[in-house]
Amino acid sequence: MAQSVKGMRDLFGAELRWFQHIEETARRVFGRHGYGEIRTPILEELDVFKRSVGESSDIVNKEMYQFTDKGGREVVMRPENTAGVVRAAIQHKLLASSDPVLFYYIGQQFRYERMQTGRYRQFWQIGAESFGVASPESEAESLLMLHSFLKELGLKQMVFSINSVGTPESRPAFYTAFRAFFAARQEQFCSDCHRRIESNPLRVLDCKNETCQAALEGHPVITDYLDEASAKHHARLKALLTDLDIPYEENPRLVRGLDYYTRTAFELLSSDLGAQSALLGGGRYDLLVKHLGGPDVPAFGWAIGLDRLAMVLQQIHGEAPQVAPALLIPLGERAATEAFKLARGLWDAGIALQLETRGGALKKAMATANRTGIQTVLILGDGELDGGTITVKHMATGEQESWSMGEVFTRLK
Ligand code: HAM
């Protein structure tokens, strides 16, 4: 029997209903904030990710689905969506004016990673990117939107981890201090960290190795080395978050796994995901648009793992709401014909309903209703047809009653 490719899942049933509920909520909340959707291709040229996510990142180094197409192009199945959105915004000259441009996306991403709970090789992200505004106010606005989105989904414990990773101008001062710290205890760090301290020192802070994390105790903190403007920016964002009642904590080891960030970087971990798994992450990337060949336009954004969010919501709330909470069961041919008319009327009125079309025994249909979580069963037989009524069974209580046809519409609504 053929199986899906390792790390790639089929989505259906209760899990997909959570996906749909999350997507609907996202569209509603983001639309309210003036964000418009963008959909970019799954395949991008290799260079788009090399130049954005970064050649020293794990994503580009080890995790990309990369191949040469029949025309000899080096292409990649996108491991994330920010680079593609930036590429599209440049290509279509969407950032030509000084107006802010706000996008959100919902789509599959691909990373060849080691499988574990909540980590897949094809996974989904919902993300938002805002272009054209460099202020901490724009970050607070985006974070407030994210916070409202998660609150509407019923997520309760939300404490954002935030940090500032400075700018290319302010980082050398930190690197000097940090390299000196590293050199004084270098034998305690893993071989990967010895490579990182040369190529991208910030990555050392992010090492998953426990010995390295212990060796980092008392390390120089990047926010102590920020230039004046970045320090002011960071302080202003924190003040805004406090004022908006958005809980956060500062995490000086938060550096993110992608290279394009400047100043603000943030994540939200969820204990429901087990071992230190991030539910979402993002930050400011003021240099990326220009770096990919566009105008000098600042940007800020984030992405949330949809697979992980659905998992968390299922843990908190259980099953997602049923799509068809009622089932109409006709008994006999005459009733089946009439049932179509009734069902059509209900569907046209926007009422959710499933129609039993197998014919045959009531018992079989009731068993299906039980198994699939149907809340209300409507039974239409000859007796009901003659009396102009319908028999209604409430599955939760087992209670039975009789409704008039008019009542079916008002009660099911
Ligand atoms: P990221 O931190 O690499 O950031 O990914 C964001 C989220 O995608 C993660 O927090 C996680 O929930 C989910 N995710 C990542 N890898 C997997 C996986 N293998 N399986 C399941 N879920 C996964 C970005 O991708 C940036 N583009 C975010 C951003 C947008 N920054 C600025 N704008």
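None of the figures in this text is laboratory data; all of them are computed from the coordinates on show. Worth saying up front: this structure is predicted, and the values here are computed from it rather than measured. Methodologically, a virtual Cβ is constructed for each residue, glycine included, from the backbone with ideal geometry; neighbour enumeration extends over all protein chains shown.
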| said: Suppose every Lys and Arg Cβ carries +1 and every Asp and Glu Cβ carries -1, with no other charges. What dipole size does region 326-412 come out with about its Cα centre, to the nearest 20 debye? | reply: 380
| Under the Kirkwood approximation applied to all pairs of distinct alpha-carbon atoms, what is the hydrodynamic radius of the chain in Å? | 24.6
| query | Please state the relative contact order of the chain as a whole percent: Cα pairs under 8 Å, 6+ residues apart? | reply | 16
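Quick one: which of K70/K93; K70/K290; K6/K151; K6/K62; K93/K290 span more than 23 angstrom between C-alpha atoms?
K70/K93; K70/K290; K6/K151
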| said: Suppose every Lys and Arg Cβ carries +1 and every Asp and Glu Cβ carries -1, with no other charges. What dipole size does the chain come out with about its Cα centre, to the nearest 20 debye? | reply: 720
| task | Kindly provide the helix-only [θ] at 222 nm of the chain, computed as the sum of -39,500 (n - 2.57) over DSSP H runs of four or more divided by all residues, to the nearest 500 deg cm²/dmol? | result | -11500 deg cm²/dmol
| message | If R₀ is 30 angstrom, what is the calculated FRET efficiency for the pair R334 and T372, using the beta carbon separation as r and rounding to 0.05? | response | 0.70
| ³J(HN,Hα) across region 374-383 via Karplus (A = 6.51, B = -1.76, C = 1.60, θ = phi - 60°), whole Hz, x for Gly/Pro? | 5, 8, 10, 10, 10, 10, 10, x, 4, x
| query | Taking Cα pairs under 8 Å and at least six residues apart, what relative contact order does region 87-149 come out at, in percent? | reply | 31
| message | Given an 8 Å cut-off on Cα distances and at least 6 residues of separation, report the relative contact order of region 326-412 as a percent. | response | 31
| When only DSSP loop residues count, what trypsin sites (Lys or Arg not before Pro) in region 193-270 have their Cβ near at most 12 other Cβ atoms within 10 Å? | K208
| note | Once the in-chain neighbours fewer than 8 apart are removed, the lysines whose Cα is under 18 Å from K341 read K413
